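See structure below.
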Amino acid sequence: MNRRTFLRISMLTVASSAIGQTTSTPESVRRVLVLSRFEEDLKARLARRELQRGLQALFPAVEISLVQERPRTQAGVLQITLDIHESGWSGHENYRISLEPDGVLLAAASSQALLYAVFDLIEQQGTVFGIDGETVPIDRPHTFTLPHRNQPWSASPEFAVRGLLPWPDFWNCISVYNQEDFQSYFANMLRMRLNMFGMHVYTQNDPLAESYLSFDFAGAGHRAALEDTTVTSWGYLPQRTSTFKMGAAQYFDRETFGADATRLAADNWEIADRTRDLLRDALSYASDLGIRTGIGFEPYVNPAEIVRALPPEAKSHPGGFVESRTGKALLERRLANLLERYPKVDYVWLWEDETTNWNSRDKNIPLSTTPFMQAYDFLRRNAPDKRLVLAGWGGIVRNFESLHQRLPGDITFAALNDTIGWDPVNEAFGKLEKRERWVIPWLEDDPAMWFPQFRASHIEQDLHRARSFGCQGAFGIHWRHRIVDPTASYFSRAMWNQKLTPSDHYRAFSSAQASGDRVEKLARLLDDCDEKRAILSTSLGGQSDKGFANKIELTPDYADGFNYDMDQPALPDLTSQRHVDEQFQSLVRSTTSATEKERIQYFAEFIHLMLPYLEAYQSAQKLNIILKDATKLRDSGSESEAQSLVLREGVPLWLSIAPRSRETMLTFQRIIATRNDQGQLASMQNKFVRISLERLRLSVQEFLPEPPEEMEKAYRAAIDNDGELKSRVFMPTRPSILRVDERIRLFVVVPTNGEVTSVRLRTRTSDAPEWKDTEAKLAGRHVYSVFLGPYGHHQEWVEYHVTAAIRGENVRHTAPGEVDRYIYRATVMS
């Protein structure tokens with residue numbers, strides 16, 4: 001169907017170029033016609049609509065139409081032909097983009113490959129595809145970037161398996177996902193040309209197991225949930241979001257933040273059922289997009305309640321519980337439960353547990369092959385279309401040689417990189433002969449979870465070693481989204497192009513974020529943060545005397561994130577950190593549009609919050625020493641000396657921590673943009689604010705007869721609402737591929753010190769050029785909800801944005817910020 005007739009027509013030049021070059025032709029393009037030459041299926045139709053959607057975003061002044069028949073050659077018209085033919089290709093994901101006499105030809109080996117060709121063509125025009133979505137360049141292209149005639153772009157993936165491994169366990173990851181979040185995630189994976197989703201499930205993390213794989217055995221069930229703001233795992237303590245300080249409560253709609261599967265369920269069993277239904281629908285959606293899926297658990301670890309229900313005779317088996325008859329029956333129950341819950345899953349992963357991994361650094365801990373052989377036989381008998389994956393933390397590679405000799409050759413081996421990703425891909429991968437093997441590099445690590453992490457150069461090394469060892473697959477482990485995209489987008493692109501350097505990638509990434517000469521400046525900053533280690537990261541460089549990478553855990557989100565009492569190396573000098581911060585802030589000040597400012601400021605403020613946090617951390621370490629000394633004095637009977645020491649040296653240190661804690665949090669709150677960011681905010685309130693402003697304050701006051709007034713005054717000032725907060729609106733999740741007749745919820749967050757009077761969703765579709773307004777409903781506090789859809793087969797796409805009105809403010813607040821230039825778009829998958 002033709003694009004809206006009211007769009008103005010401008011002159012855009014067709015280019016016939018190699019990457020990075022543009023050569024004009026005499027013709028100007030006013031229309032693009034997209035023609036198909038294949039028998040349609042769902043993914044092929046999606047490819048056509050995604051091409052239309054992507055080009056509309058890049059070239060809003062060009063009329064883009066889907067046509068059924070080859071048109072006559074016309075001046076000002078560019079024809080793009082999509083073709084699928086299965087013969088003549090070396091792989092089913094291969095494709096070719098060429099410039100032909102009658103226009104551009106996208107030829108592919110399959111409908112899946114055609115989708116990849118479409119995304120490649122759009123990416124060549126400057127769009128960046130990341131985990132958090134697509135980013136259309138600030139400076140939209142004036143020309144089409146196309147291959148030279150007789151020099152087509154031929155594409156074949158470097159890795160047959162290209163995946164993400166989002167780790168569920170924290171408040172800033174898929175543990176808090178709802179339907180709309182999973183669907184947005186998988187749509188973004190597809191555009192990144194990734195084809196596999198993997199998922200590890202903790203089946204015991206005191207006091208609960210994750211409810212994705214809940215089961216009953218031996219007459220007992222178990223306590224199961226996903227991580228939300230009521231749990232006590234991973235260093236979290238239950239906390240009402242209304243108790244969050246500095247105005248952070250307004251970012252949450254109710255007292256509990258997390259997946260609806262947990263927070264809206266009536267009881268433990270409903271949590272399990274809701275979680276199953278949520279993930280089952282998500283995996284089905286992924287399958288529709290051509291993304292294979294895998295899910296798995298640790299066979300050596302069982303929920304505590306199930307363990308209590310087991311017979312002592314089985315637990316005391318001389319070969320270990322896994323060798324007992326009960327142990328084997330239990331594993332079969334767990335495998336059957338997984339397949340019953342998720343019938344569309346393609347791979348079953350069995351993981352070496354994390355404790356065994358870390359313990360194996362000090363002594364050799366061999367793994368029994370019994371669970372893996374049993375699972376292999378179970379799948380062969382009951383689900384022969386499923387494949388088994390043996391996986392683990394970095395330490396499992398120490399068992400690869402033995403396991404390779406003892407296990408069937410069609411079991412895939414996979415492993416995370418050791419030392420949270422800072423150790424290189426292990427040489428053991430190169431000794432597995434014809435066995436399929438997948439590496440799992442870390443796109444980010446959890447000991448620096450609240451900080452920006454730019455790791456493209458490290459990913460480059462990991463992928464290079466993986467290729468040299470004959471690995472067929474690579475998965476990126478991560479938790480967060482938007483802040484990880486500078487690395488994640490490199491990871492996805494480099495698996496198609498091994499010549500892509502981090503520097504070249506950062507330049508392409510920055511071209512979408514910035515305008516003019518700020519592109520090069522931003523690219524250099526990202527490169528400096530990565531290659532030149534200009535900001536702190538978990539890696540300290542070099543190796544320990546045990547042969548593992550040296551590291552420092554700055555914000556360990558798996559424990560008390562602000563863990564000033566850990567035995568950690570001293571922080572490096574912060575001079576370079578301050579210099580990078582100044583450069584980022586200068587870059588923000590020089591921006592010329594609201595969108596450019598928001599995009600660059602997101603990274604700049606992540607950089608900035610590191611400084612007050614690290615300064616607070618250093619002061620807390622010093623304060624901790626004083627508190628320990630005071631405790632010794634008190635224990636020896638010198639209570640007055642302890643009081644004097646704390647009053648003289650401890651109180652000033654805490655007084656320096658309070659404002660730095662506030663600065664850290666307000667810096668972050670002003671840029672929050674995604675659901676993962678909301679989770680990080682909750683985590684920092686729970687593990688940083690609670691510890692730095694509450695617990696440490698009480699620690700100091702424990703030695704004093706009454707709280708000093710200056711401490712009380714500093715505390716009230718630190719926790720006060722953000723008086724300088726500028727009103728804004730954002731959508732944490734933006735769905736971009738909708739199923740026909742699907743109605744999907746959107747959340748809208750309106751941070752403001754004022755009174756919100758109206759929040760509206762505005763939409764228009766391919767068959768209706770006029771905007772339609774839908775009033776959003778208050779979900780709670782400053783969070784609103786509204787539904788997008790349903791849409792029919794005939795509607796190819798929908799454009800949407802939200803507006804918010806604040807009493808007394810004449811400014812129209814919208815998301816995205818410049819709706820006359822940028823808009824959210826969703827394709828209808830029909």
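For the reader, a short list of remarks on this structure follows.
- For region 508-524, the Karplus equation 6.51 cos²θ - 1.76 cosθ + 1.60, evaluated at θ = phi - 60°, returns couplings of 5, 4, 5, 5, 8, 8, 10, 10, x, 6, 6, 4, 5, 5, 5, 4, 5 Hz by residue, with Gly and Pro reported as x.
- When peptides 767-780, 373-386 are ranked by their average number of other Cβ atoms within 10 Å per residue, the highest-first order is 373-386, 767-780.
- The HN-Hα couplings worked out from phi for region 121-135 by the Karplus form 6.51 cos²θ - 1.76 cosθ + 1.60 (θ = phi - 60°) are 4, 5, 5, 5, 7, x, 5, 10, 9, x, 4, 8, x, 9, 10 Hz, whole numbers, x standing for Gly and Pro.
- Listed residue (GLY198, VAL700, GLY221) projecting farthest to the positive dipole end of the chain, Cβ model: GLY198
- Peptide ranges 650-657, 724-731 listed from the most packed, as the mean C-beta count within 10 angstrom indicates: 650-657, 724-731
- 10 Å binning of all Cα-Cα separations within region 207-337, expressed as whole percents from 0 upward: 11, 32, 30, 20, 6, 1
- Derived scalar couplings ³J(HN,Hα) [region 805-814; Karplus, 6.51 cos²θ - 1.76 cosθ + 1.60; whole Hz; x for Gly, Pro]: 10, 10, 4, x, 10, 8, 7, 8, 8, 9
- For region 342-406, alpha-carbon Rg and Dmax in angstrom: 13.1, 40
- Of all DSSP beta bridges in the chain, antiparallel share, percent nearest 5: 50
- Of the trypsin sites (Lys or Arg not before Pro) found in region 267-324, none is in coil by DSSP with at most 10 other Cβ atoms within 10 Å of its Cβ.
- Packing order of peptides 507-520, 141-154, 444-457, highest average first: 444-457, 507-520, 141-154 (average count of other Cβ atoms within 10 Å over each peptide's residues).
- Separation of alpha-carbon centers, region 527-552 and region 715-755, rounded to whole Å: 36
- Between PHE186, PHE159, TYR236, the Cα set farthest toward the positive side of the dipole of region 146-241 (charges on each charged residue's Cβ, about the Cα centre) is that of PHE159.
- Applying the criteria of a DSSP loop state and at most 16 other Cβ atoms within 10 Å to the chymotrypsin sites (Phe, Trp or Tyr not before Pro) of region 590-630 yields no site.
- Note on region 647-695: Kirkwood hydrodynamic radius from all Cα pairs is 11.7 Å, rounded to one decimal.
- By definition, a body whose alpha carbon gyration tensor gives a ≥ b ≥ c is oblate when a/c is 1.5 or more and a/b is not larger than b/c, and the chain fits this oblate description.
- When the Cα positions of VAL104, ALA44, GLY792 are compared along the charge dipole of the chain, VAL104 comes out farthest toward the positive end, with charges on each C-beta of Lys, Arg, Asp and Glu.
- Basic side chains Lys and Arg get +1 at the Cβ, acidic Asp and Glu get -1 at the Cβ, and with that the dipole of region 747-830 about its Cα centre reaches some 220 debye.
- Cα-based shape type of region 128-187, given that a ≥ b ≥ c are square roots of the gyration tensor eigenvalues and the cut on a/c is 1.5: oblate
- For the pair region 235-259 and region 91-155, the centres of their Cα atoms are 43 angstrom apart.
- Residues whose amide H falls under 5 Å from that of LEU738, counting only those 5 or more places apart or on a different chain, are THR827, VAL828, MET829, with hydrogens built in the peptide plane.
- Surface composition of region 14-171: carbon and sulfur make up 46 percent of the accessible area, probe 1.4 Å.
- When the helices of the chain are scored as -39500 (n - 2.57) per DSSP H run of n ≥ 4 and the total is divided over every residue, the value at 222 nm lands at -10500 deg cm²/dmol.
- Its relative contact order, with pairs defined as Cα atoms under 8 Å and 6+ residues apart, puts region 130-267 at 22 percent.
- Pairwise centroid distance, computed over Cα atoms, of region 445-479 with region 326-373, Å: 24
- Note on region 681-830: Rg/Rh from C-alpha atoms, Kirkwood Rh, equals 1.18.
- In percent, rounded to a whole number, the relative contact order of the chain is 12, using alpha-carbon pairs under 8 Å and six or more apart.
- Across LYS328/LYS551; LYS431/LYS532; LYS315/LYS344; LYS551/LYS622; LYS386/LYS499; LYS551/LYS628, pairs whose alpha-carbon gap is larger than 29 Å: LYS328/LYS551; LYS431/LYS532; LYS315/LYS344; LYS386/LYS499
- Computed about its Cα centre, the charge dipole of the chain is approximately 1680 debye, with only Lys, Arg, Asp and Glu carrying charge at their Cβ.
- Reciprocal of mean inverse Cα separation for region 695-749 (Kirkwood radius, Å): 16.1
- Region 443-553 shape via C-alpha gyration tensor axes, a/c threshold 1.5: oblate
The values are calculated or read from the model by the stated rules, or taken from the named source; none is laboratory data. From a predicted model like this one, the values you see are computed outputs, not experimental measurements. Cβ atoms come from the backbone with ideal geometry, glycine included; neighbour counts cover every protein chain shown. The area values use the complete protein model at the heavy-atom level, side chains included, leaving out ligands, DNA and RNA. Shrake-Rupley method; radii C 1.70, N 1.55, O 1.52, S 1.80 Å.
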